[in-house]
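Participant: One structure follows; several queries about it will come next.
The values are calculated or read from the model by the stated rules, or taken from the named source; none is laboratory data. What you see is a predicted model, and the numbers here were worked out from it, not measured in a lab. All Cβ positions, even for glycine, are placed from backbone atoms using ideal geometry, and neighbour counts span all protein chains on display. Please note that ligands, DNA and RNA were not included when accessible areas were found on the heavy atoms of the full protein model with its side chains. Shrake-Rupley method; radii C 1.70, N 1.55, O 1.52, S 1.80 Å.
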Amino acid sequence: MSETNTYLIRVEPTKQSRLSQVDFNNLKFGQIMSDHMLVANYEDGAWTDVSIVPYGDLTISPSMSALHYGQSIFEGVKGYKFPDGTVSIFRPDKNWERFNKSAARLQMPEVPEEIFMGGLKELLQVDEAWVPSVEGTSLYIRPFMFATEAALGVHPSASYKFVIITCPVGAYYSKPISLKVETYYTRAADGGVGFSKNAGNYALSLYPTQLANQEGYDQIMWTDAAEHKYIEEAGTANLIFRIGDTIITPHGDTILHGVTRRTIMELAEKWGFKAEQRKVSVQELIDGIKNGSVSEAFAAGTAATVTHISKIGFEGQDYDLPPVEGREFSNKVLDYLNQLRYGKIEDPFGWNFIV
Ligand code: COI
């Protein structure tokens, strides 16, 4: 007999919704959390107590191992509202797969489909009214897991918490961004944890990003650890370039395998572009900007969606990208994805997971 519905999700509705406090026409990224969250505990080798409860503080021990040794991973997913009110989540199965790859690398337990996907579905059903319908907005969904064992020895934690919180959001970047090529600090090396979405990968980006900000750039462009010659990703998203008629994105296990990046590369191929995942050197990019073959450059991510890059700073010199209006591919892909995710066109790929 196959085991289904092993995890019954208990629902405890809030007594006091905060929905009326939200200005859906003026949403900032990640500031206001929806009424409910999903929480599940991992103890004695099994997931237990899967529940949807009012959003609120969690109790933790000061010796909780995630705080000391960093077993902490997360995902970024988005939910959208169609014109008829249907709520849909964009490709959450890919986030679930990536989440469990991150978990394996950090010696954390897998989260079963029933809890991750089933939990997402049920949570969004409960907080359906929080999914915004204003153009350019969405419900940002943040599944995460952290180690909860209260012990100071360095070993995989015996217990974990898996949580999903959500928040209605507007754009992460409201205008094109400038990037500084980082040639000293390193995000990830071969054999490391670059592909995993663990909290430490973001913590280590803060200082170099602040230095780039002080020089007037919005973000950094990471390069490889060995030579600082090859482009990896930006601090908050993957990178995609159009060089000639080829759509190119850096590849390898030192970068995050983004769901938006993957989606865009799949669309590029479908639309007849050459789509390549390969090493891109900073020199190739700079030469291409100079000779005009690099016509588009953008950041791609769940939070960033498609964010155009305005200029790239390298070794004290700025290189301007062509005007955003003329960027055929990135504008087309953003427009297409918006239409698809908001349910305005048919979804031939099955990417919309209907709640
Ligand atoms: C996302 O795109 O969902 C991320 O997790 C990136 C984060 C910097 C907001």
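Participant: I need the full set of residues from region 126-148 which are open to solvent by 10 Å² or more (accessible area, probe 1.4 Å), away from the ligand (no atom under 16 Å from the Cβ) and in contact with a strand residue (DSSP E or B) (Cβ under 8 Å, 6 or more places away or on another chain), in order please.
Facilitator: Val126, Glu128, Ser133, Thr148
Participant: Go through (1) assigned to a loop (DSSP other than H, G, I, E, B); (2) touching a Gly at 6+ places or on another chain (Cβ under 7 Å) and name the single condition His228 misses.
Facilitator: In the conditions (1) assigned to a loop (DSSP other than H, G, I, E, B); (2) touching a Gly at 6+ places or on another chain (Cβ under 7 Å), His228 misses (2) alone.
Participant: Moving on. One residue is enough: does region 181-203 have a residue meeting the conditions of a type in the set (A, V, I, L, M), within 13 Å of the ligand (Cβ to nearest atom) and part of a loop (DSSP other than H, G, I, E, B)?
Facilitator: Narrowing region 181-203 to residues of a type in the set (A, V, I, L, M): 181, 188-189, 193, 199, 203.
Pick out the ones that are also within 13 Å of the ligand (Cβ to nearest atom) and you get 199, 203.
Still in the running and part of a loop (DSSP other than H, G, I, E, B): none.
Within region 181-203, not a single residue is of a type in the set (A, V, I, L, M), within 13 Å of the ligand (Cβ to nearest atom) and part of a loop (DSSP other than H, G, I, E, B).
Participant: Another question about this same structure. Can you tell me which of Ala158, Ala171, Ala212 is within 21 Å of the chain's Cα centre (by Cα) and either in a loop (DSSP other than H, G, I, E, B) or assigned by TED's automatic domain parsing to the domain that holds Arg327 (or both)? Reasoning before the result, please.
Facilitator: Details: Ala158 fails: within 21 Å of the chain's Cα centre (by Cα); Ala212 fails: within 21 Å of the chain's Cα centre (by Cα).
Testing whether each residue is within 21 Å of the chain's Cα centre (by Cα) and either in a loop (DSSP other than H, G, I, E, B) or assigned by TED's automatic domain parsing to the domain that holds Arg327 (or both) leaves just Ala171.
Participant: For region 34-78, give me each residue that is charged (D, E, K, R) and either within 19 Å of the chain's Cα centre (by Cα) or within 17 Å of Leu106 (Cβ to Cβ) (or both).
Facilitator: Glu75, Lys78
Participant: Could you tell me whether region 233-255 includes any residue that is part of a strand (DSSP E or B), surrounded by fewer than 20 Cβ atoms within 10 Å (Cβ to Cβ) and more than 16 Å from the ligand (Cβ to nearest atom)? Show your work before the answer.
Facilitator: First, pick out the residues of region 233-255 that are part of a strand (DSSP E or B): 233-234, 238-243, 246-249.
If we keep only those that are surrounded by fewer than 20 Cβ atoms within 10 Å (Cβ to Cβ) as well, we get 246.
If we keep only those that are more than 16 Å from the ligand (Cβ to nearest atom) as well, we get 246.
Among the residues of region 233-255, at least one is part of a strand (DSSP E or B), surrounded by fewer than 20 Cβ atoms within 10 Å (Cβ to Cβ) and more than 16 Å from the ligand (Cβ to nearest atom), which makes the answer yes.
Participant: Quick check on region 318-326. Is at least one of its residues farther than 19 Å from Ala237 by Cβ, among the β-branched types (Val, Ile, Thr) and in contact (Cβ under 8 Å) with a residue 24 or more places away in the chain? Show your work before the answer.
Facilitator: Step one: of region 318-326, the residues farther than 19 Å from Ala237 by Cβ are 318-320, 322-323, 325-326.
Checking the rest, the ones that are also among the β-branched types (Val, Ile, Thr) come to none.
No, every residue in region 318-326 fails to be farther than 19 Å from Ala237 by Cβ, among the β-branched types (Val, Ile, Thr) and in contact (Cβ under 8 Å) with a residue 24 or more places away in the chain.
Participant: Can you list the strands (runs of 3 or more DSSP E) found entirely within region 44-98 that contain at least 1 residues being touching a Leu at 6+ places or on another chain (Cβ under 8 Å), over 26 Å from Gly170 (Cα atoms) and more than 16 Å from the ligand (Cβ to nearest atom)? It would help to see each step written out before you state the result.
Facilitator: Values: elements: 46-54, 72-74, 77-81, 87-90.
Of the strands (runs of 3 or more DSSP E) lying wholly inside region 44-98, those with at least 1 residues that are touching a Leu at 6+ places or on another chain (Cβ under 8 Å), over 26 Å from Gly170 (Cα atoms) and more than 16 Å from the ligand (Cβ to nearest atom) span 46-54.
Participant: Ok, one more. Pick from Tyr185, Tyr173: which is in contact with a Pro (Cβ under 6 Å, 6 or more places away or on another chain) and either open to solvent by 20 Å² or more (accessible area, probe 1.4 Å) or within 18 Å of Ala300 (Cβ to Cβ) (or both)?
Facilitator: On the way: Tyr173 fails: in contact with a Pro (Cβ under 6 Å, 6 or more places away or on another chain).
Of Tyr185, Tyr173, the one residue that is in contact with a Pro (Cβ under 6 Å, 6 or more places away or on another chain) and either open to solvent by 20 Å² or more (accessible area, probe 1.4 Å) or within 18 Å of Ala300 (Cβ to Cβ) (or both) is Tyr185.
Participant: Which ones in region 257-277 are within 16 Å of the ligand (Cβ to nearest atom), part of a loop (DSSP other than H, G, I, E, B) and surrounded by fewer than 22 Cβ atoms within 10 Å (Cβ to Cβ)?
Facilitator: To start, the set of residues in region 257-277 that are within 16 Å of the ligand (Cβ to nearest atom) comprises 257-264.
Checking the rest, the ones that are also part of a loop (DSSP other than H, G, I, E, B) come to 257-258.
Result: His257, single match.
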